[in-house]
1. Given region 149-289, what whole percent of its Cα pairs are spread farther than 23 Å?
2. Any idea which of 258, 239, 294 is furthest toward the positive side of the dipole for region 164-317, if Lys and Arg beta-carbons carry +1 and Asp and Glu beta-carbons -1?
3. Could you list which residues have their amide H under 5 Å from that of residue 165, counting only those 5 or more apart in sequence or on another chain, with H placed in the peptide plane?
4. Applying 1/(1 + (r/R0)^6) with R0 = 35 Å to the Cβ-Cβ distance of residue 98 and residue 293, what FRET efficiency is obtained, to the nearest 0.05?
5. Run the simple label-point estimate for residue 43 and residue 235 please: 7 Å along Cα→C-beta, distance reported in nm.
6. For residue 88 paired with residue 206, estimate the spin-label separation in nm (one decimal), with each label point 7 Å from Cα along the Cα-to-Cβ line.
7. Pop out the ³J(HN,Hα) list for region 37-47 in order, Karplus 6.51 cos²θ - 1.76 cosθ + 1.60 with θ = phi - 60°, rounded to Hz; leave Gly and Pro as x.
8. Under a point spin-label approximation (7 Å from Cα along Cα-to-Cβ), what is the residue 190-residue 166 distance to one decimal in nm?
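What follows draws every value from the coordinates through simple rules; no lab data is involved. Just so it is clear, the model here is predicted, and its values are computed rather than measured. Methodologically, a virtual Cβ is constructed for each residue, glycine included, from the backbone with ideal geometry; neighbour enumeration extends over all protein chains shown.
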Amino acid sequence: MPVVIFLVRNPSLGHISKVFMEEIANGLRRRPSDVLYFMTQALDHLPMNEKLESVATDYKRMPYEDLHDIVPPDLIPFYRHGSELAVRYGIGLGMLETGGVTALNELMRKLYNYLHYVSGSSDATSPGVVTIPFQGYDWFAASMFLLHQGDARRCWKFLNALARTKGAELFWPQRSLATDHAEFISPIFSLTAHCIEMVLQDALPRLSSAFQLSGCTPAQVCQQWMLQCFWNYLNWPDIQLYLACCLVLGADFPVYFCVAALRSVQKQIIERTPKQDLLAWLKERCLARFRLTPDVLSYARLLQELYGFQVRKILQI
């Protein structure tokens, strides 16, 4: 059971954020149950996307078991392989027991069909008929499955609600299927990555110049980080804390987090610029020693205070 106790009834999102920051200083990153607790509390305060709320009414009322019959038959082997990797990781962390692959695959199939349905590219009565191509494995949903300790029913309820909130597509890549961006380009690239480069240029001009000289862009790197929800880049405690920050501190948080992460390896980036191997290094293990410490989070929050108004206007949140 979570040990976090709010001292007021029906706390506001601002109060939740304040307690969240205090708990991080006390070691929240090591308690998955508390991380999920804060995410659930914040979810109740996030503004809803009215368009998706009305479109998803039928899905919202369906029992979890009944959704099995309206999803596409089988996901492609690549998707199954992703679930196997995620479950293996969860078992290694001690968060899952053996046999979780089936439950995660079932959850992924429901989410896949759900997001296509609310985007208008699939019909609940015609399973498997979709017009949007496969977008890659849903690492965000896999992360939530681990946080829910393999409870697919609770995880589905959480993601179903999150999918109907404004700005969720900015940190949940697969959620972009249910937006107007789906037919064009992911908002993570067209909006979030653009804001990262904008903030980086103003806050860290030397680092921004190094990227320009290297021939690669921060957008190329940060997009991959976010599409994978930082899997293979950060340790699990930092991944779960990053995801919690996206809900508790705002959908614009990935912008400031990525800038803070790049700042932590600024020296190495500048040194590697002449070697012309910067992009390969950034896409491998450049964040191996990076941790989402209170100091890093404080810097990200400072950026949010300085650039939040402009960034949120661009992100339309």
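1. Numbers: 3603 of 9870 pairs.
Cα-Cα pairs of region 149-289 separated by over 23 Å account for 37 percent.
2. Farthest along the dipole direction, towards plus: 294.
3. Long-range HN contacts for residue 165: 49.
4. Working: r = 34 Å, r/R0 = 0.96.
Efficiency, from the Cβ-Cβ distance: 0.55.
5. The answer from the label model is 2.7 nm.
6. 4.2 nm
7. 4, 5, 5, 5, 4, 5, 4, 5, 10, 6, x
8. The modelled label-to-label distance comes out at 1.9 nm.
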